[in-house]
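*Asks:* Let me begin by handing over the structure; questions about it come next.
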Protein chains: 2
Amino acid sequence: MFTLKKQSNKSNARLGVLSTAHGTIDTPFFMPIATKAAIKSITVQEIKDLGAQIILSNTYHNYLRPGLTTIKKFGSLHKFMDSDLPLLTDSGGYQVFSLAKLREIKGDNIEFQSHIDGSKHILNPKKVVDIQVALGSDIMMVLDECVGLPSTRQKAIEALERTSRWAKISLDYKNKLDKKSATIKKQLMFAIVQGADFKDLRLRSARELTEMKFDGFAVGGLAVGEPTKTMYQVLDYTVPVLPVDKARYLMGVGYPENIVESVKRGIDMFDCVIPTREARHGKLYERKKQGFGKGFYETIIITNAKFKNDKRSVNQGGLKNYSRAYLHHLFKTQESLGLRLATLNNLEFYIDLMKDIRQAVKQGKL
Amino acid sequence: MFTLKKQSNKSNARLGVLSTAHGTIDTPFFMPIATKAAIKSITVQEIKDLGAQIILSNTYHNYLRPGLTTIKKFGSLHKFMDSDLPLLTDSGGYQVFSLAKLREIKGDNIEFQSHIDGSKHILNPKKVVDIQVALGSDIMMVLDECVGLPSTRQKAIEALERTSRWAKISLDYKNKLDKKSATIKKQLMFAIVQGADFKDLRLRSARELTEMKFDGFAVGGLAVGEPTKTMYQVLDYTVPVLPVDKARYLMGVGYPENIVESVKRGIDMFDCVIPTREARHGKLYERKKQGFGKGFYETIIITNAKFKNDKRSVNQGGLKNYSRAYLHHLFKTQESLGLRLATLNNLEFYIDLMKDIRQAVKQGKL
């Protein structure tokens, strides 16, 4: 359940609280990604210490490995990975369309081959709910079809219609399960607005989905290669038609400035691989100044020779005793501790950013 | 300085305290290895939390990367890697003979090419002291020549004689530096007994070295491919001729049972890559029962299919909330968290083993 706490006067930014079976979460928030039931080289305890309130994992990946037999043995993904944080799981729609081999949609079934071993599988809206029931997701996402951008209008319409139909199937199915299980009833379910960058299609998708009683609404199909301006335009006309009393989740976004701009457009929830993926490439996020104006952060490439003897830390947080020179050394010598510290730095940056954003909205500055 | 606290009645095992510039260390102890100024994926704080009292790093590797300019900028390797633990550094002799390319001994100089970029370098006994002064090593090792086993008598004699000569050069040089610097004076220096598996040569090496005022003595040239029986035989005749009032360090050893057997032969200090290297290959150490009798531990290959749904943890220490199934999953999906947790498991096993050994000697059981 989402409770709106404050609506900004300066923008469409807002503060709220999202209640889940594993606790409440202050919005707006960012979800560190544990795609395959693990955050890259980081423990859940470390993420909690940074102030993360929730993590995200992936239906497609967990379905393939470790697989439902293992998860069921443990009772939930939380227990499997030893986490007491709330958990949101992607539906797997994006992954089955981007990773899986030889996929084919037959009716409401997506037939595909595992990208790992070529084994054959079928996903459909109900099965995706079943998987997320097994995972014990605090927030489950309905199976959707996400098209890349640019997209033809015809393709966008087909994906939108399929997404709406699958959303209804998913919700009806979950409502049935809710009657049998108080545990399942506590699991939230979000729908995903599609429609590419066609305004009328986005509005249609939002209308069709918001007529159903979902616990929250995601804006999907963005951050798929379009210019940033396009993304903001889509948000400008899509977010206002989403219900005020439900959480709004912008999937897969993004760079820090994208997050700030999206918060200003009324988004409450974010996830993105950027902090962890860029850490792997030695790209570290550094906060430069208060506020969110031009140049409030920079990224540095830690392998750059200029850091070889640099005694300064990257940020002033939990890693302030580690110098750039040491991180440079760890990357140059391929020491795995480097990846770990870089990932921690970037996640701390993102989590601190969200704290600052919430504070700014609270103080009427954003 | 080494202080003997207790000599066992049951064996040559002993308890002591080794005082260093960064604090005292209870013997016998095991040194986690930070070859290139980092323990594989683990922070110094984590190692301290496990109860590690000292770490080991490597002169050859640190000399090449990050290099002395960087280290000098920080003042010590401790400061560079943000560690307040005592530090022992290998002399680099073993590495220059095993890793470096085109090495050639000319007088007391070893000319070699870096295994990283082929750049040309020279190491000699004095330079190795200088490097360890720069690193700020609490315990520096003299440059030695380590021969593999089996070795010809002639080769063993040459290495022994060179090692003795280099030890004298190193100690004389350090004594000079001590007069100029109270900081350097606090750095301990250990010599390394060579002689392959020839009893008379080992005794000669020990005699030549113990005539000099070193702070401790290492037994080198073992764990280089010989049968375990040979290693124990060498210890059986070498350790008794080492001074009772100096610490004794068995370099590069070994498996848990080797450590127990060597403690019983009077060894105080150990280092080995086994716990970290085997962790990388998914081989985890599991304590099975109290004491050090047959079967007191086992190793498991965590990637084995039989662990896929195994809810038990590997050990009952700090990782007791992580199941074998989860570790299995992390290794199967190549998640870097798996390497980290496996390394932590094995280091905890080794550090706990040393605690148990000290307790057993204290209680007169070993």
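The values are calculated or read from the model by the stated rules, or taken from the named source; none is laboratory data. These numbers come from a predicted model, not from an experiment. All Cβ positions, glycine included, derive from the backbone under ideal geometry; neighbour counts span all protein chains shown.
*Asks:* Which members of the stretch B:323-347 meet the condition of being over 25 Å from B:M31 (Cα atoms) and either among the β-branched types (V, I, T) or at the interface with chain A (Cβ under 7 Å from one of its Cβ atoms) (or both)?
*Replies:* Answer for the stretch B:323-347, where residues must be over 25 Å from B:M31 (Cα atoms) and either among the β-branched types (V, I, T) or at the interface with chain A (Cβ under 7 Å from one of its Cβ atoms) (or both): B:A325, B:Y326, B:H329, B:L330, B:K332, B:T333, B:E335.
*Asks:* Please tell me if A:D268 is of a type in the set (D, E, K, R), within 18 Å of A:K355 (Cβ to Cβ) and modelled with pLDDT of 95 or more.
*Replies:* Yes, satisfied.
*Asks:* Residues that are under 18 Å from A:N124 (Cβ atoms) and either at the interface with another protein chain (Cβ under 9 Å from one of its Cβ atoms) or of a type outside the set (S, T, N, Q) (or both), at least 3 per element: which helices (runs of 4 or more DSSP H) completely within the stretch A:37-99 meet that?
*Replies:* In the stretch A:37-99, the matching helices (runs of 4 or more DSSP H) lie at A:59-64, A:93-98.
*Asks:* Taking A:G291 as the residue in question, decide whether it is among the small types (G, A, S), in contact with a strand residue (DSSP E or B) (Cβ under 9 Å, 6 or more places away or on another chain), more than 21 Å from B:I39 (Cα to Cα) and away from chain B (no Cβ under 14 Å).
*Replies:* no
*Asks:* On to the next question. Counting just the residues of the stretch A:25-36 that are outside any loop (DSSP other than H, G, I, E, B) and closer than 18 Å to A:F2 by Cα, which one comes out nearest to the other protein chains (Cβ to nearest Cβ)?
*Replies:* The qualifying residue nearest to the other protein chains (Cβ to nearest Cβ) is A:M31.
*Asks:* Starting from residues that are in contact with a helix residue (DSSP H, G or I) (Cβ under 7 Å, 6 or more places away or on another chain) and of a type outside the set (A, V, I, L, M, F, W, C), keep the ones in the stretch A:164-186 and report whichever is farthest from A:D245 (Cα to Cα).
*Replies:* A:Y173
*Asks:* Tally up the residues in the stretch B:55-69 that are buried (at least 23 other Cβ atoms within 10 Å of the Cβ) and either more than 17 Å from the chain's Cα centre (by Cα) or within 19 Å of B:L18 (Cβ to Cβ) (or both), please.
*Replies:* 5
*Asks:* Still on this model: Hey, any hits in the stretch A:132-145 for a residue that's on the phi < 0 side of the Ramachandran plot, out of contact with any Lys or Arg (no Cβ under 8 Å at 6 or more places or on another chain) and of a type in the set (S, T, Y)?
*Replies:* Yes: one or more hits.
*Asks:* If you don't mind, there's one more thing I want to ask. Just checking, which of B:L56, B:L77, B:L88, B:L99 is modelled with pLDDT under 90 and either within 21 Å of A:F331 (Cβ to Cβ) or out of contact with any Cys (no Cβ under 7 Å at 6 or more places or on another chain) (or both)?
*Replies:* B:L99
*Asks:* Among the candidates A:S170, A:S181, which residue alone is hydroxyl-bearing (S, T, Y), at pLDDT 95 or above and more than 24 Å from A:K73 (Cβ to Cβ)?
*Replies:* After applying the criteria, what remains is A:S170.
*Asks:* Sticking with this one: Within the stretch A:205-225, how many residues turn out to be crowded, with 18+ Cβ neighbours inside 10 Å and closer than 15 Å to A:R165 by Cα?
*Replies:* Qualifying residue count for the region: 5.
*Asks:* Here's another thing I want to ask about it. Which one of these is of a type in the set (V, I, T), without any contact (Cβ under 8 Å) to a residue 60 or more places away in the chain and surrounded by fewer than 24 Cβ atoms within 10 Å (Cβ to Cβ): A:T276, A:T228?
*Replies:* A:T228
*Asks:* Related question: Residue pairs, Cβ under 8 Å, 6 or more apart or interchain, first in the stretch B:299-312 and within 12 Å of chain A (Cβ to nearest Cβ), second surrounded by fewer than 18 Cβ atoms within 10 Å (Cβ to Cβ) and outside any strand (DSSP E or B). List them.
*Replies:* Correct list of pairs: B:N309/A:T69; B:N309/A:K73; B:K311/A:K73.
*Asks:* Something else now. Would you check if there is a residue in the stretch A:191-204 being surrounded by fewer than 23 Cβ atoms within 10 Å (Cβ to Cβ), farther than 26 Å from A:Q95 by Cβ and not acidic (D, E)?
*Replies:* Within the stretch A:191-204, one or more residues are surrounded by fewer than 23 Cβ atoms within 10 Å (Cβ to Cβ), farther than 26 Å from A:Q95 by Cβ and not acidic (D, E).
*Asks:* Hey, could you check the stretch B:113-155 for residues that are buried (at least 16 other Cβ atoms within 10 Å of the Cβ), touching an Asp or Glu at 6+ places or on another chain (Cβ under 8 Å) and among the hydrophobic types (A, V, I, L, M, F, W, C) and say which is farthest from B:L201 (Cα to Cα)?
*Replies:* Residue satisfying both the conditions and the ranking: B:I139.
*Asks:* Please work out which residue is farthest from B:I39 (Cα to Cα), limiting yourself to the stretch B:329-362 and to residues that are free of Cβ contacts under 8 Å to residues at least 24 places away in the same chain and among the polar types (S, T, N, Q).
*Replies:* Per the stated criteria, the residue is B:Q359.
*Asks:* Do we find that A:G266 is farther than 27 Å from A:I139 by Cα, buried (at least 17 other Cβ atoms within 10 Å of the Cβ) and in contact (Cβ under 8 Å) with a residue 60 or more places away in the chain in this structure?
*Replies:* It is false that A:G266 is farther than 27 Å from A:I139 by Cα, buried (at least 17 other Cβ atoms within 10 Å of the Cβ) and in contact (Cβ under 8 Å) with a residue 60 or more places away in the chain.
*Asks:* Quick check on my filter: what residues within the stretch A:329-346 are surrounded by fewer than 23 Cβ atoms within 10 Å (Cβ to Cβ) and either among the β-branched types (V, I, T) or on the phi > 0 side of the Ramachandran plot (or both)?
*Replies:* Scanning the stretch A:329-346 gives A:T333, A:Q334.
*Asks:* Condition first: under 28 Å from the mean Cα position of the chain (by Cα) and acidic (D, E). Now tell me which residues in the stretch A:279-336 satisfy that.
*Replies:* A:E286, A:E298
*Asks:* If you don't mind, another one. Looking at the stretch B:246-254, can you tell me whether even one residue there is at positive phi, touching a residue at least 24 places away in the same chain (Cβ under 8 Å) and in contact with an Asp or Glu (Cβ under 7 Å, 6 or more places away or on another chain)?
*Replies:* The answer is yes, given that some residue of the stretch B:246-254 is at positive phi, touching a residue at least 24 places away in the same chain (Cβ under 8 Å) and in contact with an Asp or Glu (Cβ under 7 Å, 6 or more places away or on another chain).
*Asks:* Among the residues of the stretch B:95-112, which ones are surrounded by 15 or more Cβ atoms within 10 Å (Cβ to Cβ) and more than 14 Å from B:W166 (Cα to Cα)?
*Replies:* Within the stretch B:95-112, B:Q95, B:V96, B:F97, B:L99, B:A100, B:R103, B:E111, B:F112 qualify.
*Asks:* If you don't mind, there's one more thing I want to ask. Pairs please, first residue from the stretch A:44-71 and under 23 Å from A:V253 (Cα atoms), second anywhere and hydroxyl-bearing (S, T, Y), Cβ atoms under 6 Å, 6+ apart in sequence or on different chains.
*Replies:* Here the result reads A:V44/A:S83; A:S57/A:T89; A:N58/A:T35; A:T59/A:T89; A:T59/A:S91; A:H61/A:T35, each pair linking the stretch A:44-71 to a residue that is hydroxyl-bearing (S, T, Y).
*Asks:* Being assigned to a loop (DSSP other than H, G, I, E, B) and under 24 Å from the mean Cα position of the chain (by Cα) is the filter; apply it to the stretch B:100-117 and report the residue that is farthest from B:A247 (Cα to Cα).
*Replies:* Among those residues, the one meeting the criterion is B:I116.
*Asks:* Sticking with this one: Against the condition farther than 20 Å from A:N12 by Cβ and of a type in the set (K, R), how does A:K199 come out, does it pass?
*Replies:* So A:K199 fails the test.
*Asks:* Is there a residue in the stretch A:353-366 that is within 18 Å of A:H281 (Cβ to Cβ), away from chain B (no Cβ under 14 Å) and surrounded by 22 or more Cβ atoms within 10 Å (Cβ to Cβ)?
*Replies:* No, the conditions are met nowhere in the stretch A:353-366.
*Asks:* Scanning for something outside any helix (DSSP H, G or I), within 21 Å of B:V219 (Cβ to Cβ) and touching a Lys or Arg at 6+ places or on another chain (Cβ under 8 Å), does the stretch B:146-162 turn up at least one residue?
*Replies:* yes
*Asks:* Then there is this: Please verify whether the stretch A:76-84 includes one or more residues that are under 25 Å from A:P32 (Cβ atoms), in contact with a His (Cβ under 6 Å, 6 or more places away or on another chain) and of a type in the set (D, E, K, R).
*Replies:* Looking for residues that are under 25 Å from A:P32 (Cβ atoms), in contact with a His (Cβ under 6 Å, 6 or more places away or on another chain) and of a type in the set (D, E, K, R), one finds none in the stretch A:76-84, hence no.
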